[in-house]
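Contents: one structure, followed by commentary.
The values are calculated or read from the model by the stated rules, or taken from the named source; none is laboratory data. On a predicted model such as this, the values are computed, not experimentally measured, just so you know. Cβ sites come from the backbone with ideal geometry, for glycine too, and all protein chains shown count toward neighbours.
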Amino acid sequence: MHTVWKGAISFGLVHVPVKMFTATEDKDIHLRMIHKECGTPISNVRTCPHCEKEVTWEQIARGYEQEKGRFVLFEQEELDAIKPENTRTIQILDFVDLTEIDPLYYQKAYYLSPDQAGSGAYNLLLEAMRQSGKIGIAKIAIRSKSSLAAIRAVDNCICMETMHYPDEIRPLQLVPNLPEQANVNDKELTMAKMLIEQLSASFNPAKYTDDYRIALQEAIQRKISGEGPDIVTAPEAARTNVIDLMAALQASLEAVVKPEGTDDPVDEGDRGKAKARGTRSRKKEGAVP
């Protein structure tokens with residue numbers, strides 16, 4: 001696993017050095033946009049629609065759209081100056097019951113492992129949370145973004161899940177057509193509850209699969225095996241560095257030419273001057289029209 005962050009968990013006066021690893025991975029099959037005519041992948045280019053030209057990173061600033069078409073600009077140095085402090089500390093603010101947190105708040109999961117000589121403090125926090133049944137609510141800054149986080153024990157590992165702030169959760173009142181109260185038929189409700197009871201089981205994540213991803217993988221393999229018209233090969237990019245080198249070598253050879261019967265190279269510029277002088281002399285003599 002690749003370490004994505006190094007720092008420490010802080011609760012009270014206890015300091016737990018940890019390394020962070022991403023607990024999940026994206027297994028979506030990503031399809032690229034291909035030019036049908038030649039099979040070349042289409043690239044995203046940063047262009048300015050007003051100037052109609054490509055823009056380099058050095059020419060780009062960050063901007064907040066204050067109103068339509070009007071932006072407040074920031075240079076990277078200004079943004080760096082207001083980055084959250086303690087970017088290497090996961091500061092636990094409170095301990096709460098897991099059942100108090102709505103899953104709506106959760107974002108992304110990470111595993112935390114002990115770093116350096118911090119295994120003693122790590123084990124202490126892990127076992128204390130396991131036996132108390134509590135989880136820690138903390139603050140952390142990752143890639144300049146400040147997040148809430150839930151710190152909890154998962155088997156023999158401390159797991160951290162970043163969380164949305166409350167003002168990032170949209171109010172239910174914004175959802176259209178929600179019923180003010182549930183008016184249902186008692187008999188239908190009884191039958192629905194019986195059906196739920198019959199379909200109830202212990203949660204076993206291994207039984208759930210991404211059917212679309214599996215079907216797409218099978219479709220890709222069928223196309224690869226068939227080697228049909230849907231298989232294209234992108235043309236090789238022009239090797240500009242090699243072409244430039246060959247052109248430079250050719251120009252160098254042409255610039256240095258050996259006259260017949262001598263080992264001394266003659267500069268092409270001198271040869272051109274001599275040729276011009278000879279032409280002018282012949283014109284004076286009437287040899288050249």
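Overview of results
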item: Identity of the residue in the stretch 196-216, in contact (Cβ under 8 Å) with a residue 12 or more places away in the chain and closer than 18 Å to residue 24 by Cβ, that ends up nearest to the chain's Cα centre (by Cα); result: 213
item: Any hit, the stretch 36-50, residues being among the small types (Gly, Ala, Ser), modelled with pLDDT of 80 or more and farther than 24 Å from residue 147 by Cβ; result: yes
item: Failed item, numbered, when residue 38 is tested on (1) assigned by TED's automatic domain parsing to the domain that holds residue 122; (2) part of a loop (DSSP other than H, G, I, E, B); result: (1)
item: Yes/no for residue 7 being modelled with pLDDT of 85 or more and either part of a strand (DSSP E or B) or outside the structural domain of residue 123 (by TED's automatic domain parsing) (or both); result: yes
item: Matching entry among 147, 119, 113, 132 (being touching a Ser or Thr at 6+ places or on another chain (Cβ under 6 Å) and not charged (D, E, K, R)); result: 147
item: Residue tally, condition buried (at least 16 other Cβ atoms within 10 Å of the Cβ) and either within 18 Å of residue 169 (Cα to Cα) or not β-branched (Val, Ile, Thr) (or both), over the stretch 114-138; result: 12
item: The lone exception for residue 180 - which of (1) acidic (Asp, Glu); (2) more than 25 Å from the chain's Cα centre (by Cα); (3) surrounded by 14 or more Cβ atoms within 10 Å (Cβ to Cβ) it fails; result: (3)
item: Among residues of the stretch 106-136, those that are in a strand (DSSP E or B) and under 33 Å from the mean Cα position of the chain (by Cα), counted; result: 11
item: Leading residue by the ranking (farthest from the chain's Cα centre (by Cα)) among those in the stretch 158-177 that are assigned to a helix (DSSP H, G or I) and of a type in the set (D, E, K, R); result: 167
item: Residue in the stretch 87-105 that is nearest to residue 138 (Cα to Cα), counting only those that are loosely packed, with under 14 Cβ neighbours inside 10 Å and under 24 Å from the mean Cα position of the chain (by Cα); result: 88
item: Conditions (1) part of a strand (DSSP E or B); (2) free of Cβ contacts under 8 Å to residues at least 24 places away in the same chain: number failed by residue 99; result: (1)
item: Extreme residue, surrounded by the most Cβ atoms within 10 Å (Cβ to Cβ), among residues of the stretch 144-161 that are over 14 Å from residue 94 (Cα atoms) and touching a helix residue (DSSP H, G or I) at 6+ places or on another chain (Cβ under 8 Å); result: 158
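Conditions tested, residue by residue: (1) in a helix (DSSP H, G or I); (2) modelled with pLDDT under 85; (3) surrounded by 10 or more Cβ atoms within 10 Å (Cβ to Cβ).
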position	(1), (2), (3)
206	yes, no, no
214	yes, no, yes
223	yes, yes, yes
228	no, yes, no
232	no, yes, yes
236	no, yes, no
242	yes, yes, no
246	yes, yes, yes
249	yes, yes, yes
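Yes/no per residue for (1) among the aromatic types (Phe, Trp, Tyr); (2) closer than 19 Å to residue 7 by Cα:
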{"residue": "22", "(1), (2)": "no, yes"}
{"residue": "27", "(1), (2)": "no, no"}
{"residue": "32", "(1), (2)": "no, no"}
{"residue": "48", "(1), (2)": "no, no"}
{"residue": "64", "(1), (2)": "yes, no"}
{"residue": "72", "(1), (2)": "no, no"}
{"residue": "78", "(1), (2)": "no, no"}
